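Heads up: the structure comes next, in structure tokens.
The values are calculated or read from the model by the stated rules, or taken from the named source; none is laboratory data. Everything quoted here is computed from the prediction, not taken from an experiment. Here Cβ is always computed from backbone atoms with ideal geometry, including for glycine, and neighbour counts include all displayed protein chains. Accessible surface areas use protein heavy atoms only, side chains included; no ligands, DNA or RNA. Shrake-Rupley method; radii C 1.70, N 1.55, O 1.52, S 1.80 Å.
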Amino acid sequence: MAKYGEGDARWIVQERADGTNVHNWHWAERDCLEWSRSRLTSLLAGLPVLSGEGGLALRTTALDKLDGEAYVNIRKGKVIPGYELSLTLAWEAEATTESGVVKVSGAAEVPYLADENADEDPELRVTVRGDDGPVARRAKDAFLTKGKPLVLEKIREYVAAMAKGGPAKDELDSKKSPTKAAAVEAGGAATAPAPAAEKKEEAPAVKEKKAKAKDKEGFKTIEMTEKFYCRAKDMYEILMDENRWKGFTQSNARISREVGGQFSLFDGSISGVNEELQEGKLIVQKWRFGSWPDGVHSTVRLVFDEPESGVTVISLKQTDVPEEDRYGNSTVVENTERGWRELIFQRIRGVFGFGI
């Protein structure tokens with residue numbers, strides 16, 4: 001045993017003289033703000049929105065402002081991006097009118113772009129600079145209709161790039177384990193693997209069980225229990241009524257009250273189908289974010305229990321939640337769970353006075 005203050009050299013992680021972070025054993029943080037400025041400028045500046053259709057030409061011109069922070073943490077090949085940004089994008093338009101060519105300009109602002117909301121499109125505000133005349137209003141409407149989807153698509157590209165390491169991606173790729181071909185170059189012919197031992201044929205039931213388990217790899221289950229001061233039927237009505245949804249979320253919602261009917265929540269970010277409905281007792285839905293991989297649906301099961309008059313307990317179980325979205329962001333499970341607690345249950349308590 002080593003003496004106090006000396007330690008055992010075999011167990012001490014020492015700094016290398018050459019400063020190398022071997023295999024990224026230690027956390028390495030890379031500042032990505034300037035890289036983000038450059039990447040977002042290349043993605044967003046000079047985007048053609050309209051090229052004369054209806055006598056109107058419209059395009060973005062420059063990234064006027066980018067504030068906040070952006071970084072990636074890397075350890076042993078695992079990438080954890082972090083960013084909280086606000087950005088302003090300038091745009092300009094030209095319209096041909098009876099009195100000649102009229103030019104207007106404006107801005108598109110994203111007030112909050114953050115890794116915690118990586119699986120959702122950010123808010124985008126469009127404004128006109130100067131006189132708000134007929135041409136300016138027409139250009140603003142055109143940007144909201146045609147320009148907004150383009151800008152959000154480019155922002156999703158930035159989010160995906162950050163999820164892969166941002167400016168550190170090339171460095172990560174270069175540090176990947178050498179391939180078999182590289183091993184041959186380094187030390188001659190690679191040793192052929194020993195033939196595998198003959199495996200005993202498995203029963204069909206075992207094969208089926210393993211196949212099902214494999215299919216579920218990359219998915220998680222969310223479970224939580226929430227208590228409210230209200231009747232179970234009141235909570236059921238709130239969750240199945242689109243007008244109440246619009247009220248407590250301050251977003252658009254469309255909800256069918258029929259089994260097999262579809263629903264859309266949070267301005268279309270979430271969609272799905274009702275699978276089973278028992279008024280005041282049970283809601284079962286197929287449920288997905290638009291940013292999830294195509295064809296991936298989770299199953300949401302909400303069970304309503306009223307242990308005593310005026311007290312309702314909701315048991316939520318959401319299965320088959322993907323660990324990553326289509327852009328490679330690995331915060332899906334965390335964001336989904338936080339969304340249920342903060343954007344749905346807590347807001348219901350605050351708006352309808354059902355707090356515990």
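Surface composition of region 76-119: carbon and sulfur make up 46 percent of the accessible area, probe 1.4 Å. For region 28-172, what percent of Cα pairs sit more than 28 Å apart? Summing the P(r) of region 28-172 above 28 Å gives 27 percent of all pairs.
For the pairs LYS65/LYS146; LYS233/LYS317; LYS154/LYS317; LYS78/LYS148; LYS148/LYS227, flag any whose C-alpha to C-alpha distance is greater than 31 Å.
LYS154/LYS317; LYS78/LYS148; LYS148/LYS227
Return the equivalent ellipsoid semi-axes of region 219-352 as a descending list in whole Å, where each equals the square root of 5 times an eigenvalue of the C-alpha gyration tensor.
On the way: eigenvalues 112, 49, 43 Å².
Calculated on Cα positions only, the semi-axes equal 24, 16, 15 Å.
Using the Cα centre of region 28-172 as origin and beta-carbon charges of +1 (Lys, Arg) and -1 (Asp, Glu), tell me which of GLY68, VAL151, ALA161 is placed farthest towards the positive end of the dipole. Value computed over the given set: ALA161.
Phi angles across region 78-95 convert, under the Karplus curve 6.51 cos²θ - 1.76 cosθ + 1.60 with θ = phi - 60°, into 3J(HN,Hα) values of 8, 9, 10, x, x, 7, 9, 10, 10, 9, 10, 10, 8, 9, 9, 9, 10, 10 Hz, Gly and Pro given as x. Rounded to the nearest whole Hz, the Karplus-based 3J(HN,Hα) values (6.51 cos²θ - 1.76 cosθ + 1.60, θ = phi - 60°) of region 132-146 follow the sequence 9, x, x, 5, 5, 5, 5, 5, 4, 4, 5, 5, 5, 7, 9, with x at glycine and proline. On a per residue basis, region 219-352 carries 48 Å² of accessible surface, using protein heavy atoms and a 1.4 Å probe.
What region 28-172 shows is 49 Å² of accessible area per residue, with the surface traced by a 1.4 Å probe over protein heavy atoms. Once you list every other residue whose beta carbon is under 12 Å from the beta carbon of SER271, what net charge do they have if Lys and Arg are +1 and Asp and Glu are -1? Overall, the nearby charge balance is +2. Using a probe of 1.4 Å on the protein chains alone, the accessible area found for ILE255 is around 20 Å².
Close amide H pairs (under 5 Å, H built 1.01 Å from N) link ARG129 with SER105, GLY106, ALA107, residues at least 5 positions away or on another chain.
Rounded to the nearest 20, the size of the Cβ-charge dipole of region 81-170 about its Cα centre is 300 debye, with Lys and Arg at +1 and Asp and Glu at -1.
With a Förster radius of 41 Å applied to the beta-carbon distance between GLU223 and LYS246, the computed FRET efficiency rounds to 0.90.
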